[in-house]
1. Would you mind telling me which numbered condition in (1) closer than 24 Å to residue 60 by Cβ; (2) surrounded by 18 or more Cβ atoms within 10 Å (Cβ to Cβ); (3) within 16 Å of the ligand (Cβ to nearest atom) residue 306 fails?
2. Out of 201, 246, 276, I need the residue that is at pLDDT 95 or above and more than 28 Å from residue 314 (Cβ to Cβ). Which one?
3. Which condition from (1) within 12 Å of the ligand (Cβ to nearest atom); (2) open to solvent by 20 Å² or more (accessible area, probe 1.4 Å); (3) farther than 23 Å from residue 370 by Cα is the one that residue 205 breaks?
4. Would you pick out the residues in segment 9-23 that are within 30 Å of residue 59 (Cβ to Cβ) and open to solvent by 90 Å² or more (accessible area, probe 1.4 Å)?
5. Among residues belonging to segment 208-235 that are basic (Lys, Arg) and part of a loop (DSSP other than H, G, I, E, B), point out the one that is most open to solvent (accessible area, probe 1.4 Å).
6. Only one of 347, 388, 398 is of a type in the set (D, E, K, R), surrounded by fewer than 19 Cβ atoms within 10 Å (Cβ to Cβ) and not in a helix (DSSP H, G or I). Can you tell me which?
7. Every residue in segment 24-53 that is surrounded by 12 or more Cβ atoms within 10 Å (Cβ to Cβ), of a type outside the set (Val, Ile, Thr) and assigned to a loop (DSSP other than H, G, I, E, B), please.
8. So the check is Cβ under 8 Å with 6+ separation or different chains; which pairs have a first residue in segment 256-267 that's of a type in the set (Lys, Arg) and a second one that's away from the ligand (no atom under 14 Å from the Cβ) and not in a loop (DSSP other than H, G, I, E, B)?
Amino acid sequence: MDSTEKLIRESNKYLMNTYRRFPVVVQTGNGCVVRDVDGKEYIDFISGLGVLGLGHSPSSVVKAIKEQAGKLLHISNLFHSLPQIELAKMLVEYSFPGKVFFCNSGAEANETAIKLARKYSREKFGFERFEIICMENSFHGRTLATLAATGQEKFHKGFEPLPHGFKHVPFNDIVSLERAIGSQTCAIILEPIQGEGGVIPADSDYMRSVREICNKNNILLILDEVQVGLGRTGRLFAYQHYDIKPDILSLGKALGGGLPLGAIIAKEDIAEVFTPGSHGSTFGGNPVSCAAGVAYMRSLLKEGVLDHCATISEYFLDTLLRLKNKYRFIRSVRGMGLILAMELDFEADMVVEMAMKEGVLINCTQERILRFLPPLIINRDDIDLLYEVLDGIFNRIEGKGYR
Ligand code: PLP
């Protein structure tokens with residue numbers, strides 16, 4: 001086996017420089033632990049950026065993948081296939097009456113949602129109606145349209161001109177939202193919890209008012225649950241905390257149990273405007289990814305994972321709050337279920353790096369925010385270890401006056 005240094009040199013030589021990667025070459029993963037090529041173990045509080053709800057290589061998902069791979073690896077969407085039917089049925093049964101379109105990623109799901117909203121609105125209300133109202137500080141993906149929907153200029157830079165027809169308003173501000181609505185508005189897109197934006201949940205009153213405004217003005221509500229759907233918040237879908245339903249729901253990340261898969265669910269009358277040829281994706285709804293998704297959903301629903309997530313998240317939040325009470329440079333701790341954040345008053349990169357050296361993988365977003373997206377099966381011992389590691393790091397930072 002080549003040394004880690006050599007592997008990283010080759011990685012940097014042959015792969016585009018689009019990610020700031022940890023200097024770690026991960027070789028295997030099991031549950032909440034990954035192991036690098038030198039055999040060093042890390043507890044993973046990132047879980048593939050919120051993908052691995054059941055942790056690394058859960059046996060139920062691996063079994064389903066092996067079985068399906070032996071039967072049918074790929075078949076074009078010119079045919080029906082069993083895993084697609086099964087997963088679509090599960091998604092609809094556990095969300096709202098509607099229909100599913102499968103694709104490969106979160107961005108592709110949002111792209112699909114945007115196209116569907118435009119087509120629906122134009123067919124129903126005419127050509128004038130195409131604009132999507134989006135939130136400042138949001139994140140919806142890296143394709144050109146989803147970048148245009150994303151409310152953070154730093155992601156736009158260098159890629160202009162972006163598609164037009166997207167307007168941004170401050171998140172959790174109902175007055176600005178109402179003011180932005182015009183005759184061109186066809187949809188509102190928002191994340192129930194802004195993940196990349198720093199783990200900022202929508203207020204309950206706000207979400208309910210958004211739904212009412214959409215109803216009143218015949219505007220579609222698109223909820224982007226790519227990061228927070230499928231168990232992350234302790235319920236199957238994040239919107240279920242708010243007692244409302246979207247018109248279109250976009251999903252990704254955890255949906256394929258670790259394999260690439262995205263989807264939207266749209267209410268039936270909206271879904272109907274997609275007809276053969278309207279939209280498509282060669283790999284969308286790949287049989288192996290869908291079989292993995294079915295296994296993931298079954299485990300989530302039948303093995304008490306959602307309840308565990310809801311309970312353990314309280315312990316996790318308390319643990320983070322204990323640290324907040326100890327260190328004045330922790331500005332806030334927040335989140336829902338197992339998407340949690342700790343906002344520092346200095347850049348958090350250093351903390352991420354120090355934690356990694358001590359065998360704990362955490363993520364930083366928006367420069368000063370530590371984001372925790374562990375597998376939903378994380379346990380108290382893992383959280384206690386995170387506490388020990390962060391406590392030690394914060395202690396050193398405080399003592400040395402790094403800030
Ligand atoms: N939407 C949200 C809320 C996300 O968090 C992400 C990715 O982080 C995306 C969309 C894009 O998903 P993907 O990277 O699978 O295209």
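The values are calculated or read from the model by the stated rules, or taken from the named source; none is laboratory data. A quick note: this is a predicted structure, and the numbers were derived from the prediction, not measured. Using ideal geometry, Cβ is built from the backbone for each residue, glycine included, and neighbour counts are taken over all protein chains shown. Note: accessible area is taken over every heavy atom of the protein model, side chains too, but ligands, DNA and RNA are not part of it. Shrake-Rupley method; radii C 1.70, N 1.55, O 1.52, S 1.80 Å.
1. Going through (1) closer than 24 Å to residue 60 by Cβ; (2) surrounded by 18 or more Cβ atoms within 10 Å (Cβ to Cβ); (3) within 16 Å of the ligand (Cβ to nearest atom) one by one, residue 306 breaks only (3).
2. Answer to the check: 276.
3. Condition not satisfied by residue 205: (1).
4. 19, 21
5. 235
6. 347
7. 32, 40, 45, 52, 53
8. Every condition considered, the pairs that remain are 267/98.
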